[in-house]
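The values are calculated or read from the model by the stated rules, or taken from the named source; none is laboratory data. Because the structure is predicted, anything quoted here is derived from the model rather than measured. In this analysis, Cβ positions are derived from the backbone assuming ideal geometry, glycine residues included, and neighbour counts consider all displayed protein chains. Areas reflect the complete protein model, heavy atoms only, side chains present, ligands, DNA and RNA absent. Shrake-Rupley method; radii C 1.70, N 1.55, O 1.52, S 1.80 Å.
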Amino acid sequence: MGAISGCMWTVAYVTFIIFINWTVYGIPDWDIFGAKVPPALFAAGAVFVLRDFAQREIGQKVLIATLVAAAGSYFVAGGWIAFASAVAFVISESIDQLVFTVLKKPLKDRILISSAISVPIDSLVFLYLIDRLTPGALLVGFIAKMAASIAVWLWLHARNNRNPVYGA
């Protein structure tokens, strides 16, 4: 139990990727303002935040967790979605990881900045590979994914103002 509780964010990260890929496979696209949008895009923003917390737990090994999630996705969403997800995550999360690691800013700022850079890349690559790339889907995906990062930024900002010990 200790090893799993010590990697709580990493387990959540892997599980959430598998869940999101299952929804791409198992739930029809939604029509939003004329754009066909996979509903998974609305939950996918949390993946980038979970990745940042997982990186704090296991460091650079977070890319291994991404590949574990891709393998799990293969069983619930099929080979092509798992492949597209793995490619999009490895590209966008490599960028996210670089930005998150290089920036010497508080955690809340690193989460927001790294997501702002990596989220559009992830959406672009994933939607293209699953043949669902449209301007509307890309825009909705970006907004929905950034909502999670902004929510966590606001939460950490409020928490840091109440107790500056949490600023890291």
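Brief remarks follow.
- Taking the longest Cα principal axis of the chain as reference, the axis of helix 8-26 is set at about 20 degrees.
- Degrees separating the helix 62-77 axis from the principal Cα axis of the chain, which is the longest one: 30 degrees
- Protein heavy-atom surface of the chain, 1.4 angstrom probe: 74% of the accessible area is carbon and sulfur, with nucleic acids and ligands not counted.
- If the segment from LEU103 to ILE27 were pulled out straight at 0.36 nm per residue, it would be longer than the present Cα-Cα gap by 23.6 nm.
- Residue-level accessible surface for ILE27, protein heavy atoms, 1.4 Å, Å²: 60 Å²
- Rounded to the nearest 10 degrees, the inclination of helix 135-162 to the longest alpha-carbon principal axis of the chain is 20 degrees.
- Sorting 154-160, 85-91 by their mean Cβ neighbour count within 10 Å, with the most densely packed peptide first, gives 85-91, 154-160.
- For the range 103-168: rounded, prolate or oblate by the Cα gyration tensor [a/c cutoff 1.5]: prolate
- Cα gyration tensor shape of the range 57-139, rounded if a/c is under 1.5, else prolate or oblate by comparing a/b with b/c: oblate
- Tally of Lys pairs whose C-alpha atoms are under 27 Å apart, taken over the range 1-149, 8 or more apart or cross-chain: 8
- Helical runs (DSSP H, four residues minimum) scored at -39500 (n - 2.57) apiece and divided by the length of the chain put the mean residue ellipticity at 222 nm at -27000 deg cm²/dmol.
- Average accessible surface for the range 53-160: 46 Å² per residue, computed with a 1.4 Å probe over protein heavy atoms with every protein chain in place.
- About its Cα centre, the chain has a charge dipole of approximately 560 debye under the convention of +1 per Lys or Arg Cβ and -1 per Asp or Glu Cβ, with nothing else charged.
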